[in-house]
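Structure first, commentary second.
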Amino acid sequence: MSDLEPLPRRGSRRPPTDDDIIEAALAEDVGAGDATTAATVDPGARGRATITQKAPGVISGLGIAAGVFRQLDPSAEIRPGPEGMWRESGVVLVVEGDARALLTAERTALNFLGRLSGIATLTAQVVSAVRDAGGTSRILDTRKTTPGLRRLEKAAVAHGGGVNHRAGLYDAILIKENHAALAGGVGEAVRRARAARPDLPLTVEVRDDAEIDAALAAGAPRLLLDNMTPAEVREAVARVAGRAEIEVSGGVTPETILVYATIDGVDYVSMGALTHSAPVLDLSLSLEPLPT
């Protein structure tokens, strides 16, 4: 095996579809059946479910929420509201169909909507704060997502005005310190990665002046400054002097984002907190009976 030969694979890995995700979520919640609904609601009863936004924010996840209702009642009539825009409150989704199916789907649909809308809302708040402070850095998400939900959570970040970082390990090169250590240094890691996958965007983590110089000499197009203080970031920006894009990462929170995103020369700030620490947006579902 040559130095540049890819690692052996164990077959293609297919990301989960919406149907896969919904089926897993319903299996977890419903199990052998919704005992309460079966005991209290007549077969054939119909209803109208209205999901309402109770706090300001950005809605995301309407597609997956609608899919939950459709999986339990394929003939349900679904009327979604707006998605990807800031709203103070209002109707999010209206579904008419089998009442038993609406009740059984309620919590799973709300879980998806609340989680994804929370991510979109936090992202929108961060992006707005940076813009209002005069910052020009773009806000990136990371791979710190809920297993199985990455595609949906990254869509929520985009709904909030953020920028999606790499989707996974397959669509970009990101050389961290452990990669560099095993490759023989930052410069060697960059050279090997550029030779092996010139088709992919490349970012390399640098920790000091020597690694900055080695990365630039090897042709790295983007440098990742991880866990640096604001003063260290400014020094690194001055040293790079526009020869590569600069991304800041590592423990950035909504409370510290402005310190980094307003530094001249910082092109991107990545925040794992957008997906791993976003609070759920407050939503509710009300159900009214319809004539059969």
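The values are calculated or read from the model by the stated rules, or taken from the named source; none is laboratory data. In this text the structure is predicted, and so the values were computed from the model without any measurement. Don't worry about glycine lacking a Cβ; one is built from the backbone with ideal geometry, like all the others, and counts go over all protein chains shown. Calculation scope for accessible area: heavy atoms of the full protein, side chains included, ligands and nucleic acids excluded. Shrake-Rupley method; radii C 1.70, N 1.55, O 1.52, S 1.80 Å.
Some notes on this structure:
- Highest-MSF residue in the chain out of Gly272, Gly61, Gly184 [GNM, Cα springs under 10 Å]: Gly184
- Residue-count net charge about Val163 - beta-carbon cut-off 9 Å; Lys, Arg +1, Asp, Glu -1: 0
- Neighbourhood charge, 14 Å Cβ-Cβ cut-off, centred on Gly265 and excluding it, Lys, Arg +1 and Asp, Glu -1: -1
- Note on the chain: helix-only mean residue ellipticity at 222 nm, from DSSP H runs of 4+ residues weighted -39500 (n - 2.57) and normalised by residue number, equals -12500 deg cm²/dmol.
- Computed accessible area, His276, all protein chains, 1.4 angstrom probe, square angstrom: 100 Å²
- Per-pair calculated FRET efficiency, R0 = 35 Å: Val280 and Glu235 via Cβ, rounded to 0.05: 0.35
- Around the Cα centre of segment 112-253, unit charges on the Cβ atoms of Lys, Arg, Asp and Glu (plus for the first two, minus for the last two) sum to a dipole of about 560 debye.
- GNM top mover of Leu224, Leu182, Leu216 - the chain, alpha-carbon springs below 10 Å: Leu182
- Between Ala35 and Asp208, residue separation times 0.36 nm minus the direct Cα-Cα distance comes to 56.2 nm.
- Taking Cα atoms only, the orientation of helix 186-196 departs from the longest principal axis of the chain by about 60 degrees.
- Think of each Lys and Arg Cβ as +1 and each Asp and Glu Cβ as -1; about the Cα centre, that makes the dipole of the chain roughly 420 debye.
- Accessible-area composition of segment 184-292, carbon plus sulfur, in percent [1.4 Å probe]: 50 percent
- Heavy-atom accessible surface of segment 1-128: percent carbon and sulfur, 1.4 Å: 52 percent
- Spin-label pair Arg243-Ser75: with each label point 7 Å from Cα along the Cα-Cβ axis, the two points sit 7.0 nm from one another.
- In this calculation the C-beta distance from Thr17 to Val163 is compared with R0 = 22 Å, giving a FRET efficiency of 0.35.
- Around Ser284: net Lys/Arg minus Asp/Glu count, Cβ-Cβ under 11 Å: -1
- Helix 230-240 axis, angle to the chain major axis (alpha carbon atoms, nearest 10°): 60 degrees
- Among Thr40, Thr262, Thr123, the largest mean-square fluctuation in a Gaussian network model of the chain (Cα springs under 10 Å) belongs to Thr40.
- Leu103, Leu225, reordered so the largest accessible area comes first (probe 1.4 Å): Leu103, Leu225
- In the frame of its principal axes, the chain has Cα extents of 74, 51, 25 Å, reported largest first.
- Surface accessible to a 1.4 Å probe, Met228 within the full protein complex, Å²: 20 Å²
- Euclidean distance of C-alpha centroids, segment 110-166 and segment 15-54, integer Å: 27 Å
- Å² of accessible area per residue within the chain, as computed with a 1.4 Å probe and no ligands counted: 51 Å²
- For segment 136-240, the equivalent ellipsoid derived from the Cα gyration tensor has semi-axes of 25, 18, 12 Å, listed largest first.
- The long axis of helix 99-132 is offset from the longest Cα principal axis of the chain by roughly 30 degrees.
- In nm, spacing of pseudo-spin labels at Glu177 and Thr146 (7 Å Cα→C-beta vector): 3.2 nm
- With one equal scatterer per alpha carbon and no solvent term, the Debye-computed log10 I(q)/I(0) for segment 184-237 at 0.27 1/Å reads -1.04.
- Across segment 144-155, computed HN-Hα scalar couplings (Karplus, 6.51 cos²θ - 1.76 cosθ + 1.60, θ = phi - 60°) run 7, 10, 6, x, x, 10, 4, 4, 5, 5, 5, 5 Hz from first to last residue, x flagging Gly and Pro.
- Pairwise centroid distance, computed over Cα atoms, of segment 60-91 with segment 218-292, Å: 29 Å
- Principal axis box of segment 241-290, alpha-carbon based, largest edge first, Å: 66, 20, 16
- Candidate cross-link partners of Lys176 among the lysines, defined by an alpha-carbon separation under 16 Å and a same-chain spacing of 8 or more, comprise Lys144.
- Loop sites in segment 45-79: trypsin sites (Lys or Arg not before Pro), DSSP, at most 16 other Cβ within 10 Å: Lys54
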